[in-house]
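Q: Take this structure first; my questions come after.
The values are calculated or read from the model by the stated rules, or taken from the named source; none is laboratory data. This one's a predicted model, so the numbers in the text were calculated from it and none came from an experiment. Note that we place each Cβ from the backbone using ideal geometry, even for glycine, and neighbour counts take in every protein chain shown.
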Amino acid sequence: MGIEEQLPSGVLLTTVEKIVGYARKSSVWPATFGLACCAIELMAAGGPKYDLAQWGMERASATPRQADLMIVAGRLSQKMAPVLRQIYDQMVEPKWVISMGVCASSGGMFNNYAIVQGVDHVVPVDIYLPGCPPRPEMLLDSIVKLHDKIYNTKLGAHRRAQIEEIEAQRMRTLPLIDDHGALR
Amino acid sequence: MFDWLNPVKGFGVTFHTMFKKVDTVKYPEVKRPTMPRFHGRHQLNRWPDGLEKCIGCELCAWACPADAIYVEGFDNTEDERFSPGERYGRVYQINYLRCILCGLCIEACPTRALTMTNEYELADDNRESLIWTKEQLLAPLAEGMEAPPHAMRLGETEQDYYRRGATPTATGRDSEGTR
């Protein structure tokens with residue numbers, strides 16, 4: 001993004017990474033994208049009992065330009081997909097996406113022509129959160145996991161090495177089902 | 001007449017709230033238990049001797065409205081026995097990106113092999129690790145249980161096994177904790 005990307009790898013970059021990570025995770029402003037029933041649980045998470053404000057997240061951004069995190073809460077219809085992508089594109093880097101609920105993650109029980117089978121067809125997703133709808137604790141848990149991810153994000157040369165490593169790891173992933181042929 | 005006092009009354013409400021008990025649950029530090037019958041993630045149970053209860057009938061997969069469950073049954077042999085009876089579930093996968101935790105699979109299960117726990121912290125950052133395989137879903141071995149494959153310890157025949165497995169024995173309780 002800025003000067004921190006140009007730093008040579010070493011102690012200085014590691015220190016800057018930690019400071020930047022801490023700053024980024026401490027106040028993530030969500031551009032809430034409430035689409036269905038998950039949005040109700042999302043609102044409950046913002047209420048006094050669950051209290052998103054404990055992580056400086058109470059400001060649900062009405063404008064995508066001042067948001068870092070998109071919480072896609074609910075099933076994404078084909079017609080809504082371009083809108084979602086546009087909102088995502090309008091957000092400034094760095095930005096993260098939580099796919100809240102099974103409908104956003106994979107289409108869930110709505111396996112039909114009207115619903116996008118997972119918002120990762122449209123935007124890159126950082127945290128998948130199952131549940132139908134997930135209770136507010138589950139959302140808070142996913143936010144904690146996202147904080148962990150943000151905090152451990154590398155910068156510059158380290159980031160490029162991290163991407164290499166993650167890509168290599170994904171290529172090594174084995175399928176979960178052994179294919180023995182049609183008739184076994 | 002005392003309308004000018006209204007803003008002061010408003011501040012009074014604010015002041016009063018400072019002495020009220022705080023409603024907030026500090027979630028990651030304090031975890032309140034769920035309701036006892038909360039639908040969390042699934043668990044594949046075992047008989048008191050450690051054999052799996054799942055017989056690979058795929059009724060859970062048929063009942064699932066979201067097609068989240070994938071089961072492959074396979075025959076038990078005398079040398080390699082994973083469950084009492086003829087068959088066992090060799091491949092058992094639940095896709096938590098599809099599962100809506102409705103519990104219809106639990107209602108469909110004829111052996112109560114599949115039940116739900118109260119565990120709900122499932123979020124992850126990739127799709128692969130949200131497909132839970134049989135090893136992840138199986139209940140841990142409790143005291144007196146032995147990892148299959150092994151012979152039926154609770155009876156010679158299946159009828160005998162089911163009857164004795166369903167009553168309290170010296171070997172203790174099954175993984176569901178009901179008997």
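Q: Please pick out the residue among B:ILE94, B:ILE55 that is among the aliphatic types (A, V, I, L, M), closer than 21 Å to B:GLU135 by Cβ and out of contact with any Gly (no Cβ under 9 Å at 6 or more places or on another chain). Walk me through it before giving the result.
A: Numbers: B:ILE55 fails: out of contact with any Gly (no Cβ under 9 Å at 6 or more places or on another chain).
From the options B:ILE94, B:ILE55, the qualifying one is B:ILE94.
Q: Here's a follow-up. Identify the single condition in (1) surrounded by 14 or more Cβ atoms within 10 Å (Cβ to Cβ); (2) of a type outside the set (Phe, Trp, Tyr); (3) out of contact with any helix residue (DSSP H, G or I) (no Cβ under 6 Å at 6 or more places or on another chain); (4) within 13 Å of chain B (Cβ to nearest Cβ) that A:GLU41 does not satisfy, given that it satisfies every other one.
A: Tallying (1) surrounded by 14 or more Cβ atoms within 10 Å (Cβ to Cβ); (2) of a type outside the set (Phe, Trp, Tyr); (3) out of contact with any helix residue (DSSP H, G or I) (no Cβ under 6 Å at 6 or more places or on another chain); (4) within 13 Å of chain B (Cβ to nearest Cβ), A:GLU41 fails exactly one: (3).
Q: If you scan region B:28-45, which residues turn out to be buried (at least 21 other Cβ atoms within 10 Å of the Cβ) and touching a Phe, Trp or Tyr at 6+ places or on another chain (Cβ under 7 Å)?
A: B:LEU44
Q: Which condition from (1) under 26 Å from A:GLY56 (Cα atoms); (2) within 14 Å of the chain's Cα centre (by Cα); (3) among the small types (Gly, Ala, Ser) is the one that A:GLY131 breaks?
A: Exception for A:GLY131: condition (2).
Q: Could you please let me know if A:SER99 is hydroxyl-bearing (Ser, Thr, Tyr), on the phi < 0 side of the Ramachandran plot and outside any helix (DSSP H, G or I)?
A: So A:SER99 passes the test.
Q: In addition: Exactly one condition in (1) of a type in the set (S, T, N, Q); (2) under 30 Å from A:LEU7 (Cα atoms); (3) assigned to a loop (DSSP other than H, G, I, E, B) is false for A:GLN117; which is it?
A: Only one criterion in (1) of a type in the set (S, T, N, Q); (2) under 30 Å from A:LEU7 (Cα atoms); (3) assigned to a loop (DSSP other than H, G, I, E, B) is unmet by A:GLN117, namely (2).
Q: Among all residue pairs at least 6 apart or on different chains, which show Cβ distances below 7 Å where the first residue, located in region B:46-61, is surrounded by fewer than 23 Cβ atoms within 10 Å (Cβ to Cβ) and the second is assigned to a helix (DSSP H, G or I) and aliphatic (A, V, I, L, M)?
A: Filtered contacts from region B:46-61: B:LEU59/B:ALA108.
So that you can scan it fast, the table gives a plain yes or no per residue for (1) under 23 Å from A:ASP179 (Cα atoms); (2) β-branched (Val, Ile, Thr):
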| residue | (1), (2) |
| --- | --- |
| B:THR77 | yes, yes |
| B:CYS99 | no, no |
| B:ARG112 | no, no |
| B:GLU119 | no, no |
| B:SER129 | yes, no |
| B:ALA142 | no, no |
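Q: Check off (1) within 19 Å of A:ASP126 (Cβ to Cβ); (2) more than 17 Å from the chain's Cα centre (by Cα) for A:GLY74 and give me the number that stays unchecked.
A: With respect to (1) within 19 Å of A:ASP126 (Cβ to Cβ); (2) more than 17 Å from the chain's Cα centre (by Cα), A:GLY74 is out only on (2).
Q: Test A:LEU146 against the stated conditions and say whether it is at pLDDT 90 or above and either loosely packed, with under 10 Cβ neighbours inside 10 Å or in contact with a strand residue (DSSP E or B) (Cβ under 8 Å, 6 or more places away or on another chain) (or both). Working first, answer last.
A: Working: at pLDDT 90 or above: yes; either loosely packed, with under 10 Cβ neighbours inside 10 Å or in contact with a strand residue (DSSP E or B) (Cβ under 8 Å, 6 or more places away or on another chain) (or both): yes.
Here the answer is yes, as A:LEU146 does meet what is asked.
Q: Further, regarding this structure: Please state which one of B:THR111, B:THR77 is more than 13 Å from the chain's Cα centre (by Cα), touching a residue at least 24 places away in the same chain (Cβ under 8 Å) and surrounded by fewer than 20 Cβ atoms within 10 Å (Cβ to Cβ). Break it down into steps so the answer makes sense when it comes.
A: Numbers: B:THR77 fails: touching a residue at least 24 places away in the same chain (Cβ under 8 Å).
When all the criteria are applied, what remains is B:THR111.
Q: Evaluate the following for A:ARG59: is it part of a helix (DSSP H, G or I), surrounded by fewer than 19 Cβ atoms within 10 Å (Cβ to Cβ), within 19 Å of the chain's Cα centre (by Cα) and among the basic types (Lys, Arg)?
A: Numbers: part of a helix (DSSP H, G or I): no; surrounded by fewer than 19 Cβ atoms within 10 Å (Cβ to Cβ): yes; within 19 Å of the chain's Cα centre (by Cα): yes; among the basic types (Lys, Arg): yes.
Here the answer is no, as A:ARG59 does not meet what is asked.
This table checks each residue for (1) in a loop (DSSP other than H, G, I, E, B); (2) more than 8 Å from every other protein chain (Cβ to nearest Cβ); (3) farther than 21 Å from B:ARG98 by Cβ.
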| residue | (1), (2), (3) |
| --- | --- |
| A:MET70 | no, yes, yes |
| A:LYS79 | yes, yes, yes |
| A:MET109 | yes, no, no |
| A:PRO124 | yes, yes, no |
| A:LEU140 | no, no, yes |
| A:ILE166 | no, yes, yes |
| A:GLN169 | no, yes, yes |
| A:PRO175 | yes, yes, no |
| A:ALA182 | yes, yes, yes |
